[in-house]
Structure formats: C-alpha cells, structure tokens
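Taking it in order: structure first as structure tokens, then the write-up.
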2 protein chains.
Amino acid sequence: MSLLNRFNKLFKAVNSFKNPAIRCLVNTLGALDQCNDTSNNTVNKYTNRTHTCKELRLNNVGEKVVLWGWLEFQRMNKFVVLRDGYGQVQLLVDDKDNKLRNLLPTIPYESILKVEGTVSPRPKEMINKNQSTGEIEILVENLQVINKAKEILPFNIREFQKAKESLRMQYRYLDLRFPQMQRNLRYRSHLTMKMREFLVNNHFVDVETPTLFKATPGGAQEYVVPTRFPGQFYSLVQSPQQFKQMLMAGAIDKYFQIARCYRDEGARPDRQPEFTQLDIEMSFTNVEGVMKLIEDLLEYCLKDEFNLKSASFNRLTFHEAIRLYGSDKPDVSFDFQIEDCTKVLGKNSKLANCSDFAAHFLLIPEKYVISNKKAKELIQSVTEKNNNAKIVTGAIKSREEFVSKFEKLLGVNVANEFVEKNDISPNSLLFLAFGSKKHALSMLGKLRIEYANILENMGVNIRRNGLHFLWVTDFPLFELSDNGNLQSPHHPFTAPHPDDVHLLDKEPLKIRALSYDLVLNGNEVGGGSIRIHDPLLQKRILDLLNINSKYMSHMIEFLASGCPPHGGIALGLDRLLSILLGTTSIRDVIAFPKNHEGRDPLSGAPSNIPEKDKKLYHIETIDEENVIK
Amino acid sequence: MSLLNRFNKLFKAVNSFKNPAIRCLVNTLGALDQCNDTSNNTVNKYTNRTHTCKELRLNNVGEKVVLWGWLEFQRMNKFVVLRDGYGQVQLLVDDKDNKLRNLLPTIPYESILKVEGTVSPRPKEMINKNQSTGEIEILVENLQVINKAKEILPFNIREFQKAKESLRMQYRYLDLRFPQMQRNLRYRSHLTMKMREFLVNNHFVDVETPTLFKATPGGAQEYVVPTRFPGQFYSLVQSPQQFKQMLMAGAIDKYFQIARCYRDEGARPDRQPEFTQLDIEMSFTNVEGVMKLIEDLLEYCLKDEFNLKSASFNRLTFHEAIRLYGSDKPDVSFDFQIEDCTKVLGKNSKLANCSDFAAHFLLIPEKYVISNKKAKELIQSVTEKNNNAKIVTGAIKSREEFVSKFEKLLGVNVANEFVEKNDISPNSLLFLAFGSKKHALSMLGKLRIEYANILENMGVNIRRNGLHFLWVTDFPLFELSDNGNLQSPHHPFTAPHPDDVHLLDKEPLKIRALSYDLVLNGNEVGGGSIRIHDPLLQKRILDLLNINSKYMSHMIEFLASGCPPHGGIALGLDRLLSILLGTTSIRDVIAFPKNHEGRDPLSGAPSNIPEKDKKLYHIETIDEENVIK
C-alpha cells in the first residue's frame, strides 16, 4: 500500500468514527426513541389514520384501526409488513379472502396502502420481541392500494448497508425511509428544539438575520449573487457575525439563531456549500459567562440521551493543548500525552540547529506497543514535505538499551540524561520528534491520533466511552500568513486579552485572544470569543491586519454608537450531530446534502440558466479556456 | 387632490393599518409583555449584571445591585435614566459626590455605563406610575463609563416618531433600541417559538432543506448563484416546496420548517428579496386536516395576546368570495356585501352586450352615506383602463327616486324590477357595476375596501375589532396567462378536486383545486393545497401547463417511488407579524431589512466584487448599455 493510500485510509478511519467510543455512543442511542415518543397521542391528529405502524400493543386488541403506510414485504400472500416513519406492523390476510390474497403478490413493494382491520394478539410462536408491535397483528378487513410504486426501485429499503452513498443521495426520498435516516432527522429536530427551549428559557431572543449581504474582506470564499444593478452583487453570508454584533448595539442583549451559513470551499470531502450553526451572542458578559452558558446548554440537551454533565467539560489553553497533544483540537478520550525534552536535546548542538528548536516525545507503554514495522510506516504517514522537524522511533526493552540505541543520534551524554530525567518504563515504544517546535509537535499530534486508530482497528480500545468535551482557550490573536502578513486565526473582531494589549505594536504575535474553541472527541464543534467593543481598538486591529477600514465603516460606526461589551459563540450543528449520532459523514445528518463536488444529486444543480436571466443580471458566462487565459 | 394622489393615499391607509380595528390590536399588545416576562430570574444568568433596568421594585429596596445599560438622559447632573432592552431605571447621584456630578454632563447620551448602587424607594412626589421601576431609584455608589458614544448620533432614541425610515434603517443598531422595535423583535421570537412548541407537541419534525437548488421552470424570478462549474448556477429557492414533498415520500410524515425563501421581485414596496415562511407538510391527510391544524396552531399561538379561538375562522369558496366581496382575500371585518342583479339587468339588451355579462351592486345604508362628490371620486379611483365594466353611483332618497334616476340607464321596466326585487332602503347610496363579470366584481371589491377606509379617515369605525381569519377555498386549478396559455395560480403540484378531474381535457378552467388561502383582515397570510401524488396525473398537468417534464423528472420519479397522499401550507411570517403588531411596513418586524430598492442600508450591498471572484465563477459583468442593445 502506498503511503498516500495508507494516509488516506487512516484519515478515513478518523472521520468515519469507527472507533469504539463512538460506536458506544451509537448504542446508547436506543434512548433516542425519546425524541420519537408518540405517547401523547397527538401523532395521528390531523391525519386520516387511527394509529402509526409503531404504536399498537396487546392492550389495543379488539380495536378497529385504520393504518396507512408502505408495503415493505409480504410472504405467503398472507403476512404483510406495513411500515411508516415510526415502525412496522404485521397485517394478516384472511385465508378465505381470495381476492386480496390474489391481489397481494401483484402490488409492488413500497406502494402506499390504506388498511382497515382489527387488532389481534399474535399466536405465541409468532411473537417477535424485537419489534415494538411484535405481540399483535392486524386482521385485515379492507386494503386499498393508494399509490403504486414502480416495480423496481434503485435499492432495497431493507438493506441500508448495501446501498451505495451516491445512489442513496440520488434517491434521497427512498434513503430517508431507512430507520437510520429517520432516526438522524428526527433526532436533529429534537436536539435543535431542546437548544431553543434552553435558550428561550434563559431569555435569548431568536433573531433572523439576512443571508444576502456585502462581501467580507478576508476570510473564506463567499458565494456571490448578481442583482439587477449592473456589476453589483450580494454575497451569501459565511456567518451572522456582523449582524449579531449590531444586535448587541441594538439592545437585543441575548441573541440566538439557528443560522444557515454559506462558504464556497470548492470540492472538499465532508464540507457542504451551506451549513447550519447555532449562533449565540450576549452583552455584558465575559469568557466565563459564554463558556458556562454552553456547558449548561449542552447538559440540558444531552443529559438524557448521553448522560452529559456540565461539570465534565475540561479546559486547556491553546499552548497547553499543543504541548500535551500536538493539536489545537485534541482528542482527550485517551491519554498518550506528549512530553517535552527540549532542554536535554538542546544540549546537542548538532540537533538544535534552528531558532525555534524543540524536542518532544510520545512514549507508548508496553500494553499498547505495535510492531517496529508498523511504527515506521506510521512515521512516514505523518511526515510532511517541507517539514523542519524529524521524528524517530525505537522499541525500548530497557533503559540501557535506549542509550545504546540512541547514542549515535543524541550523543551519549544527552541519551543518558534523557533516560535519567524521563520515566522510561521497560518494553515501551518511543517516538521522538525534534526540530522546529511547530512541526515537531504537529507531527507527534497526528501520530498520536493515528496510533489510537491503528490500535482500534486491531481491536484494542484505548478511547474512553462517551462524550469528551474540551475547551481550548487563549488562542493567539494573530498568526502569520504565507506571505508574512498578520492575519486573524478567528476573525478581526476578536478582542485581545486585556493583559496583552500593550504588545500590539511590538509583539503582536504574542497577544492572546479572548477566544475559546469547543472540541468534542477530537473534533472542533464550536468556537467564539469576546469581541472588541472599543471603536479605536477595532480600527487599530483592522489596520494591523491591512483590512481597509473603509469596507468596515459600518462596523466601526456601530461600536461608536454606544455598544456594550459582548461576546458569543457558534456551534457547528452538522458536525455535532454527526458525532452524536455516530454517522460516517455529515451528509447523513442533513436531509438533502450536496455531494462532494457540491452538486445536488437529486436535481443535478448547479445547471445552466436561461439567457434572459443572464441579461437581467448583467452577466455573461465565460468558458474555462478563457478563464485560464 | 389629484385622483392619483387620492388613490395613493387610500392605498397607504390600507397598508398602514391606521384603521381602528388594527389600532385596537396594537392596544391589546400591552399583553405582549408576556413575551418579555423576566420573572423566572434567568434573564441575568451568564451576565455581569444583577438585574435588568426593568425589574427592580419596592421589594428590592436595600439590595446592592450591579446594572449595565445605556445612558438615556440626565438632568441636574444628578438624576440619570439608565436604559436597556427591557426598560428604564432612575439613578440618583449623591449631592456630595462632586466628582461624579461633574463627570455626568460630559458623558454623551447612549454611552454604556456600569453602575453599582443600592435600591431605594423614591420620595412619594417622585413616583412614576407609568414606569415599571417608577417606585424606586438607585443610589449610585460607583459609576463607570464602559464605552463612550459619539457626541452626536443620527437621531434621538427618545423620538421614534420623528426619525425618518431611511435613517432608521441606515443606523438600524440605533433604531433597534426604540421600545417599539424591541417589542417587534422580541414578539417575533416569542411567536415563532410558540409555533414550534405546538408543532413539536404534535409530532412535526423540523427539517432544514437546502436553499441552493435548481431553477424551477415557471413561477417567480429566482436569484442565481454562479459556481466554479463554468456556466452553471444554483438558484436560491423560492420555497421548500419540492423538498417538503420529497420528505413525504421519505416517510417524514409531519414536517415543518421556519424557512428562508428568496424571490427577486425587483424594486417593489413592502417586499423583501429574502423572507420567511412557516412551511408545513403532512402525509395521509386532506383539506380539512390541514385547515384544522392551522386553526389549532394559531389559537395556541394567539389566544393569550389576541384572544383568538380556532372556532372563529370563517370559510368561503373562491367563487363566494368574489361574488360577495369582489376579492379573493376579502376583509370580512365589516359587512357591505355585494349583491347580484345580473338577471334583472340582463333583460336590458343594450347593457348586456358581452358574453360574460354580469351586474352587481353595493348598497350603503343611510348611516354610512358619503357625499355625492366623494362617491364619484371614489368611482374614478377604482376604474382601471381596459376595463370591460362600468360603475355608476346614486344617492337614493326613496325607491321612487331610484326609478326616475336610473330609468334612463336601465330602462323603466328594469329599473322598476330592480327596486322590487331588492330591498332598497331609503336614503342609501348605490354603487352599481355591470359589464364583464370579472371586472365588475373586481371594481366593486376595491371600492368596498376604499369606502371603508374613507369612513375610517372620517372617524367612522365600521371594521369590527380583532383578528378576522378567513379561509378561501376551491381556487381554480388553472387560469389563462396573458398569452392565452394555461398557468397555475398556485403551483403545478396542486391537486385537482377529485370531482372535477374528468374536466381535464375539455374544460380545464372549470376545475377546482384542493387549495386554500388563509386571509387575515383582508390580507393573504398563507396558502396551500393538497398535492398531486399520482405520477401520471402530475405528468398530465405538467404537459397541460407546457412545462417540460424533463426539468421535473425528479418530481415525477419520487411520486412513482411510493409516495403518500399529502398536503400542506405556508404562512408568510413577515406579513402575519406586521398585521399582529400593527406596523406600517413588514420592514418593522425584520431585524435588518433591505430598503425598497433591495439594498442593504447598513453596508450598501449589493456592491462590486473583485475580478478574482468573477474569474473563479466564470462570469463577466456587462454594463447597462450593453444590456439594452
């Protein structure tokens, strides 16, 4: 297998959430039936049925019922499985009803039936304990075919696992009939309603903000929308950031919105041109206020199904996260922490030949050691081009063996000091990275995750079950872009830490932001910050970022109109749901996703438009060749 | 005043809801405080304040409090009004605190203050019964200016009435501080949450559907979004219609969404490029099911503030509405019904000279008669060009006078018969329209509304108070377009009435649709239908409409995959809220509306985009002159 393939495979493993921790989540989702609890008897109101296909029980025996649903299956021209979005129920056709028994085999599966009948207990030997209606069946008195399905459908609703994703997406209306997709969409609705409940109970105001807006300089590529004004375009918002800040100046001091956002990231797997975030902003608050809000919100939403407690949220600063896990979104569901040996290795001047030299290592205890061969492949898979750091590995039977193995690389003194200062247990496996600090830690961070994936593919569970939420705080306010300019890792409205403001002119890269990311089992699921409320400071930061404040005059102006201190956060709903539901892709928690190219698999959109539309919007289209010129 | 001016004034009067029925609604909105009830004490959670500026009362006397808000006003360098989105509270600065008394006049109004102090009862003579905090004041112990406002803001927050709308929109963050705008946005959030509560309690599933989709042939002008695929565009959806129908085939049998929709209607007053609808669809239901659902939903949402009962919804068929009120969205808050005299006037062959001849009249009783001059002006204001009908008026002192007045026009026999057959009370005012049925009724319909507006401008209330909901049903399935083709008044997925399907080939214009519009006090606030579930019928209707079913193959295909009978509705949230809140424009219930040209007044969008974006999206822009060529 080529390295690239291997890397891709590892990458997929991470993204497909095949690890047991997540699998466990999925299992606890039996409790998700709660979001589909039909006990309040309103499920049939406003419809022509008396019951769903899920709710009949022994205590309904003798009742006349009217059911509507899909013909899922029949056997012996007599036993029929009727299905709807809630469940399945068995129909029984009278042996003497020849007309119906002859009709049954002629009805294509997935046709819509209307059935009138009487609830009857199943004979003991026919009881199906795995089906909620498994103790009863319906003696059919009348059966009508309301809408016939085609004889052959693109895939079988009984075989979710077998259907290819591209086919499932092209015939999404069939795909949605699978119990898994029913669960995903119904849980999504349940979760967002819980979020709203919590927020409304806490006096947050749901405000809809526009999606047709002005282009934001910097940031992600935004879709543009031509208008009847020649040469002038709306941009589709990448988030309601500017609007929600203006709401703070407008005295809507607790705002939320489940907001549609747009970002054109080209063809990237597991990204969508439009996505949804839970967007929140508050006035008169601070970092602790926003973080506590989110902890309470998620406890409220996830305590029943996932037993989540707000007290279980951990916190790391950005620098701690990088130092301990080599990542700003560490997966803390397993330990394997990175350790620092910069001081010791720094004594070897041949190694320590760059200005930001650092040395870090990951020591795998005996129980989890993999073969040398696998370890070396792993190193290769995490090594990137143009990397100013190196990573080496070695199985260490004893401390003495370490010295002999590594003295050539480290020098005997450094090797000895390394062993003395660090608690190298026997029969462990060492990964040692050194060179540019950033690269050394980032490689070890990737290696750590992929090591866990390898173990789990081997059946060794090292991730602890459940939801591991982690706050990563104090991100740098600025970073350097490829061409050496300052840029914002978050966005230009993020407030600097008040203790660091004095560094603005001299050492801007050292300034911490009042920012926080929310990480769940190693995935970023949210992020936010306290914003700048001082118009002069905002102007200064825009200038440092080389953003022409002319484009941002409305932002400076509202800050100068009497704007409260404020901050907020946005949670990525699609990603959060995908993790909670253990799906292989965010597409499985979206009703009608675009495919990896950004196309709508149902309608084929995007597509050509009539010339009259182009004229109306004052545009001409150019073909690819002209563009390249 | 010119007729045009007069007409415009009348038009404005209707649209500004200045009539007493609506004014009464606005008054009952004192009850709207409910949506801003802060009694559960969570309003300050996650913030740095102890209380809002609205909640302190006599029973808080003696408490140390921390308040944050806007400096609204100060007098005598001593009495300060602090305001937030909830209300106002008075601060009192100690006479001896010279430092603060000197500082106060230097702080610009609308600056953000943080105040620590103790709640104290106001002296009796200072109590303000009109203010919720009017019995107390805060003895200031510490006052900090957190964020200074500019000395001069574009308008004064104390004078909502005086601010021009264009200025209000340009500085929306100031405008939102007005109590009226606070009420509008907070009530909007409250209402949509009530809607969600009702629907979720009734097992509806909130599903987000895409907004980037394929162009729908026919229908409204859709915005287009260029993509990285040369020459290919998304369209922004005008409604989730196709998606929600596919959800029905996908077994999400009760769906709702508060959905963002897009329509490019150019520069039209009181329309927005993006708007919001409550979108609902159900399987296994019928016309009665959907109508009952909406009646119960609106009762649930509006019973507290508006005392609405689901039993108060009236119903008319489309033909009844046209016959009795000359409109398919009649205002039934007042009577003035139109009466039919086609048979009698038809006897005069000089008058009855067109194939669809009809004659109808509106008789205004003595109590409401206006002057002859006004009546004639009114007729002119409702007369349109190319109208195949005529309208005449006459004050009728007695039945005898009628005959003498109208015998020249009608002939003596017809005039006599008219008087005999109709109950013409003395001293009434008659408006008689005859000619093409459609035009005669439409003119009388307009006249009826404008007559009511004239009366109300004169201070005569004929509209009954409250919310008058009306269902208009059985719209025609087809209508003729200007070029004589069949087109859908609703959309091509509307089901025909089963009793009329046999007319498809021969008399399609006579087919009734299974459709229903919801009208509130003369405004259309919603509409829906039972949809076609039979793929063959759908194909036939698309063919009749000359819509190439190639563009709609995914629609035909999903109907053939096992699709339940289904139907739904969409309510226009912006319009509904505007009526409920008695605002002059839908812009007042939208946080950040576009102006009448479709521009964003804050940022100036739409605007130019960089050349690199045009290249990325394979487009060039053409200037206006080229377009005209």
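Listing for the model above:
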{"item": "Relative contact order %, chain A, counting alpha carbon pairs below 8 Å whose residues are six or more apart", "result": "16 percent"}
{"item": "Length gained when the stretch A:K615-A:E524 is fully extended (0.36 nm per residue, less Cα-Cα span)", "result": "28.4 nm"}
{"item": "Label geometry 7 Å along the beta-carbon vector: B:R183 inter-copy distances in nm", "result": "4.9"}
{"item": "Mean separation of Cα contacts under 8 Å (6+ apart) over length of segment A:58-147, as relative contact order %", "result": "34 percent"}
{"item": "Range of Cα positions in segment A:58-147 per principal axis (Å), largest first", "result": "31, 30, 22"}
{"item": "Residues whose placed amide H lies under 5 Å from that of A:V66, excluding near-sequence neighbours", "result": "A:T50, A:H51"}
{"item": "For B:Y223, residues with placed amide H under 5 Å, excluding near neighbours", "result": "B:L236, B:D264"}
{"item": "P(r) of segment B:499-629 over all Cα-Cα pairs, binned every 10 Å from zero, in whole percent", "result": "9, 20, 21, 26, 22, 2"}
{"item": "Separation between Cα centres of segment A:301-345 and segment A:50-89, rounded to whole Å", "result": "49 Å"}
{"item": "Label-point separation, B:I152 to A:V460 (7 Å along Cα→Cβ), nm", "result": "7.5 nm"}
{"item": "Helix axis angle, B:372-382 relative to chain B longest principal axis, alpha carbon, degrees", "result": "90 degrees"}
{"item": "Degrees between helix A:399-410 axis and first principal axis of chain A (Cα, 0 to 90, nearest 10)", "result": "70 degrees"}
{"item": "From phi via Karplus (6.51, -1.76, 1.60), per-residue ³J(HN,Hα) for segment B:464-477 in Hz, x at Gly/Pro", "result": "6, 4, x, 8, 10, 8, 9, 8, 10, 10, 6, 4, x, 5"}
{"item": "Using a 7 Å Cα-to-Cβ projection, B:S349 label spacings across copies, nm, ascending", "result": "12.5"}
{"item": "Kirkwood-type radius of chain B, with distances r between different C-alpha atoms, in Å", "result": "28.7 Å"}
{"item": "Taking segment A:498-542 and dividing mean pair separation by its residue count, relative contact order in percent (alpha carbons under 8 Å, at least six apart)", "result": "23 percent"}
{"item": "Under Karplus coefficients 6.51, -1.76 and 1.60, residue-wise ³J(HN,Hα) of segment A:127-138 in Hz, glycine/proline x", "result": "5, 10, 5, 7, 10, 5, 9, x, 9, 10, 8, 10"}
{"item": "Cα pair distances of segment A:334-462 binned at 5 Å [whole percent]", "result": "2, 11, 22, 24, 21, 14, 5, 1, 0"}
{"item": "Sorted largest first, extent of segment B:281-382 alpha carbons per principal axis (Å)", "result": "53, 35, 21"}
{"item": "Scaled radius of gyration (Cα, divided by 2.2 N^0.38 Å) that segment A:287-335 gives", "result": "1.31"}
{"item": "Counting all C-alpha pairs of the protein assembly as shown, share separated by more than 63 Å (%)", "result": "19 percent"}
{"item": "Distances in nm from B:R122 to the matching label points in the other copies, shortest first (labels 7 Å along Cα to Cβ)", "result": "7.3"}
{"item": "Pairwise centroid distance, computed over Cα atoms, of segment A:531-556 with segment A:353-376, Å", "result": "44 Å"}
{"item": "Reduced Cα scattering model of segment A:105-179, Debye log10 I(q)/I(0), q = 0.13, 0.23, 0.25 Å⁻¹", "result": "-0.58, -1.06, -1.09"}
{"item": "10 Å binning of all Cα-Cα separations within segment B:204-336, expressed as whole percents from 0 upward", "result": "10, 26, 34, 23, 6, 1"}
{"item": "Long-range amide H partners of B:A513 with built H, under 5 Å", "result": "B:F475, B:L477, B:H497"}
{"item": "Between 0 and 90°, nearest 10: helix B:535-544 axis offset from chain B longest Cα axis", "result": "70 degrees"}
{"item": "Cβ-derived FRET efficiency at R0 51 Å, B:N130 paired with B:S404, nearest 0.05", "result": "0.25"}
{"item": "Segment B:437-454 - phi-based ³J(HN,Hα) in whole Hz, Karplus 6.51/-1.76/1.60, Gly and Pro as x", "result": "3, 4, 6, 4, 5, 5, 5, 5, x, 5, 4, 4, 5, 6, 4, 4, 5, 4"}
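Values in this text are rule-based calculations from the coordinates and carry no lab data. Keep in mind that this is a model prediction, so the values were computed, not measured. Cβ sites come from the backbone with ideal geometry, for glycine too, and all protein chains shown count toward neighbours.
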